[in-house]
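Here is the structure we will look at, set down as structure tokens.
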Amino acid sequence: MSKPLILKAATLPDATVAALKTHFAVVDLPADHAAAAAMLATHGARIRGIALRKTRVDKALLDALPALEIIASYSAGLDNVDLPAARARGITVTNTSAVLAEDVADAALGLALAVTRDLVQADRFMRAGHWPAQAAYPLARSLGRMRVGIVGMGTIGQALARRLRSLGSAVAYTGPRPKEVPYDYFPDLIEMAGVCDMLVLTCALTRDTHHMVNAEVLEALGGRGFLVNVARGSVVDEPALIATLASGGIAGAALDVFATEPHVPQALLDNPRVVMTPHIGSGTEETRQAMADHMLNSLRRHFAVPVEG
């Protein structure tokens, strides 16, 4: 029996590529549009699965793959996939949100501590030789005494909530519907922002969440409130955030994601009340390997190829 043909539309670890080619017939998606069209004209009718990461899977690509059965994504976010079109075709779509939840929650907690305790600026203060020559460093804020609102109580949100509770933080959340979790649920984001000291974004980017955090939400969060984003940059109205920070409308922001990354607005780079990391929420050796394994095993299970462990 011939091996199922898989479209590799992702940059993957070498070991994962080798394993993929062991169990499947594999064809790469060329970056060049004309070359991609030629490849799809030759192989598209036989492709049954996609190994995906950031490549856009729109209706046009799906139409070129009439035998497609599964899209296995190396990432948590699926905003690059036309999910309604895939569902209409009965195509299975898998991602790695459960695999990366703990490390992304760690990153979110680290960002929350960094922005509330002013750790980045305190480091710069030390390196500039200001201590002990200058007066004591200004007092910061206590995360453990804050009420933190989580936007998106999925696997990442729940992992973060457990960490926050261990510090003593009060946790609230919002999302499309309440879940069986021991935290206060707010159906309205503006209402939740108005009673929280911090908002942490862990939700998926969808039509409903695009620019969800806008000027009105930031105004409700207020001048002593903090924003942390480990979701997707476009969940936030970035110009509104820049304007709010410039006016002192919120106390600070900690961002791992940006609207047009890797390009970051200069206004955010220049603002000392913004802590930034280059989209590294899941960026550990262990988790990235686990994500690759999960993607590969999703394909193997779908096509009944034995999975070890």
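Points to keep in mind about this one:
- Projecting the Cα atoms of 4, 234, 181 onto the charge dipole of the chain, computed from C-beta unit charges around the Cα centre, puts 4 farthest toward the positive end.
- Degrees separating the helix 97-116 axis from the principal Cα axis of the chain, which is the longest one: 20 degrees
- For the range 162-173, 3J(HN,Hα) per residue [Karplus equation, 6.51 cos²θ - 1.76 cosθ + 1.60, θ = phi - 60°, Hz, x = Gly/Pro]: 4, 5, 5, 4, 5, 7, x, 5, 7, 10, 10, 7
- Taking all protein chains as shown and a probe of 1.4 angstrom, residue 185 keeps an accessible surface of around 60 Å².
- Counting all C-alpha pairs of the range 95-172, share separated by more than 14 Å (%): 67 percent
- Annotation: peptides 217-227, 107-117, ranked by per-residue average of other Cβ atoms within 10 Å with the highest first, follow the order 107-117, 217-227.
- Relative to the Cα centre, the charge distribution of the chain, modelled as +1 at Lys and Arg Cβ and -1 at Asp and Glu Cβ, gives a dipole magnitude of about 520 debye.
- Net +/- balance of residues flanking residue 259 in space, Cβ distance below 14 Å, scoring K and R +1, D and E -1: -4
- Short-range pairs are left out: with C-alpha atoms under 8 Å and at least six residues apart, the relative contact order of the chain is 17 percent.
- Residue-normalised accessible area of the chain, expressed per residue, 1.4 Å probe, Å²: 49 Å²
- Three-way shape call for the chain based on the alpha-carbon gyration tensor, with the a/c threshold at 1.5: prolate
- The range 157-309: relative contact order in percent, alpha carbon pairs under 8 Å with at least 6 residues between: 15 percent
- Annotation: the range 142-285 has a Kirkwood hydrodynamic radius of 15.1 angstrom, from the mean reciprocal C-alpha pair distance.
- Highest mobility in the GNM of the chain, judged by mean-square fluctuation with C-alpha springs under 10 Å and restricted to 136, 251, 204, is found for 136.
- A convex hull fitted to the Cα coordinates of the range 1-60 yields 84 cubic angstrom per residue.
- Rounded tilt (10° steps) of 238-247 against the dominant C-alpha axis of the chain: 10 degrees
- Over the chain, DSSP H runs of length four or greater, each weighted -39,500 (n - 2.57), average out per residue to a 222 nm ellipticity of -11500 deg cm²/dmol.
- Principal semi-axes in Å for the range 1-154 [√(5λ), Cα gyration tensor, largest first]: 47, 18, 14
- Acute angle (nearest 10 degrees) that the helix 14-23 long axis makes with the longest principal axis of the chain, alpha-carbon atoms: 30 degrees
- Taking 0.36 nm per residue of sequence separation and removing the Cα-Cα distance, the residue 133/residue 207 pair yields an extension gain of 21.4 nm.
The values are calculated or read from the model by the stated rules, or taken from the named source; none is laboratory data. Because the structure is predicted, anything quoted here is derived from the model rather than measured. Heads up, the Cβs are rebuilt from the backbone with ideal geometry, glycines too, and the neighbour counts pull from every protein chain shown. To get the accessible areas, we keep the full protein, side chains included, count just its heavy atoms, and leave off ligands, DNA and RNA. Shrake-Rupley method; radii C 1.70, N 1.55, O 1.52, S 1.80 Å.
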